[in-house]
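Take a look at the structure below.
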Amino acid sequence: MTLFFVTDRADAHVARFDALFATLSADYELVRVTYDANVKPIVSIAGATHQSWDAIREALASKGSVVVSGPLDSVSVNLVGGSFSHVGISFATDVMVTAAQSHSELSRLRTLVESIDILVTDNYATENALISMGAAADKVRRIPWGPEVAVASSMTRAECGWPEDRRIVLYPRSLEAHYDPGVFVDALALVTKRVPNVLAVLVEVGSLVEDMKKRIAGAGLSAHVHFEPLREPGEFRAMMACADVVVVTPRTDGTSVTVMDAMAQGVPVVSSLTAGSAEWVVEGITGWTFPVGSTSELADAIERALLAEESHGALIIEQAKTLVSQKAGWDISAQRLGEVVRGLLAGH
């Protein structure tokens with residue numbers, strides 16, 4: 001039986017799914033979707049090129065074949081009606097952003113939800129949204145794909161190029177509108193007045209890099225900001241462990257692997273209170289939170305994280321580690337997802 005993984009994403013999530021699926025079947029293929037100038041899909045399957053969704057569905061169809069696809073909005077919905085068992089993986093924004101933005105997008109996703117064999121999500125909010133659209137509860141698998149087993153950092157602040165006498169606030173997300181980096185820069189202006197030795201570290205990647213640099217310079221924050229280049233995942237993970245606090249500010253999110261990674265490594269987390277993050281970052285219990293888009297409350301949350309008494313901060317770190325290890329580790333999640341796919345391959 002053939003197992004396909006069809007996606008138009010190329011990120012750490014896809015790499016981990018790909019590695020997992022390759023262990024489940026000797027007849028497995030990763031099918032990467034790209035698009036031409038007219039946004040028509042182009043894929044290669046078994047060495048042959050296909051350039052429409054109809055052709056792709058036909059090429060995937062064979063007796064006993066299983067197709068895992070995602071995201072739901074850009075890939076899975078276009079495979080509806082194919083002659084194969086179908087597992088759709090939600091990347092959170094396909095439901096919480098795309099489907100939520102219009103009647104037409106919501107209707108498209110409902111069509112998928114009603115026909116697909118299994119839906120996989122990593123958080124309660126998306127699970128509930130899918131069930132509300134008509135997915136049978138037993139079709140939905142909530143499988144958080146958090147960090148792999150934590151390993152000790154091999155980097156020091158000196159190796160990172162970070163000063164030892166500064167409080168390091170790491171902003172690990174790419175500088176894109178969805179992640180709302182502007183609210184972080186504005187909050188930083190408030191934090192520096194009350195915690196003068198703070199140094200914000202941002203990753204120099206994303207469409208808003210130049211805009212953020214102008215905003216930083218205009219606010220007189222250049223001495224409080226350091227830009228890091230995009231690094232390999234392992235190196236970035238080791239670097240993240242050297243921060244005093246990790247801050248994420250998305251407008252909506254599922255289970256963030258970056259956040260889970262920080263929690264697993266014992267780095268305090270400040271997160272916007274999205275439907276996805278609320279499942280993991282609990283104010284004063286496993287981290288600190290603030291309402292989406294609130295500059296003043298983000299500044300307050302960063303200060304609470306930086307200035308917490310040592311014993312209090314250590315307790316929150318310990319609790320965050322416990323939560324992630326018990327519920328969000330990739331090893332456990334990969335085993336559960338593998339069981340789902342094996343069942344379909346076996347015809348169950």
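What follows is calculated from the coordinates using simple rules that are stated; it is not laboratory data. This structure is a prediction, so every number in the text was calculated from the model and none was measured. In this analysis, Cβ positions are derived from the backbone assuming ideal geometry, glycine residues included, and neighbour counts consider all displayed protein chains.
Between Ala299, Ala238, Ala55, the GNM of the chain built on Cα springs shorter than 10 angstrom shows Ala55 fluctuating the most.
The H on the amide N of Phe91, modeled in the peptide plane, is under 5 Å from the matching H of Leu72, each at least 5 residues off or on a different chain.
Only lysine pairs 8 or more places apart, or on different chains, with alpha-carbon atoms under 25 angstrom apart are counted in the chain, and they number 4.
Taking trypsin sites (Lys or Arg not before Pro) across segment 2-76, the ones in a DSSP loop with at most 13 further Cβ atoms lying within 10 angstrom of their Cβ are Lys63. Put simply, the C-alpha atoms of segment 1-86 give a gyration tensor, and the ellipsoid matching it has half-axes of 18, 16, 12 Å, longest first.
Based on alpha carbons, the Rg and Dmax found for segment 274-348 are 17.7, 56 Å. Here the Karplus relation 6.51 cos²θ - 1.76 cosθ + 1.60, evaluated at θ = phi - 60°, turns the backbone of segment 94-110 into coupling constants of 5, 9, 6, 10, 4, 5, 7, 8, 7, 5, 5, 5, 5, 5, 4, 5, 4 Hz, with x for every Gly and Pro.
Per-residue ellipticity at 222 nm computed for the chain from its helices equals -11500 deg cm²/dmol, with DSSP H segments shorter than 4 residues left out and the rest contributing -39,500 (n - 2.57).
Looking at the chain, identify the longest residue range that excludes and avoids all GluC sites (Glu not before Pro) in DSSP loops having at most 12 other Cβ atoms within 10 Å.
1-163
Mean-square fluctuations from a GNM of the chain, with a 10 angstrom spring cutoff on Cα atoms, peak among His13, His103, His312 at His103. Cα-based radius of gyration for segment 72-192, normalised by 2.2 N^0.38 Å, reads 1.47. Couplings 3J(HN,Hα) for segment 337-346, derived from phi with the Karplus relation 6.51 cos²θ - 1.76 cosθ + 1.60 (θ = phi - 60°), are 5, x, 5, 4, 5, 4, x, 5, 4, 7 Hz, where x marks Gly and Pro. Here's how it looks for Thr2: its modeled amide H is under 5 Å from those of Ser65, Val66, which are all 5 or more places away or on a different chain. Solvent-free Debye calculation, one equal scatterer per alpha-carbon of segment 157-327: log10 I(q)/I(0) at 0.10, 0.13 Å⁻¹ equals -0.32, -0.56. The charge dipole of the chain, taken about its Cα centre with unit charges on the Cβ of Lys, Arg, Asp and Glu (plus for the first two, minus for the last two), comes to roughly 240 debye.
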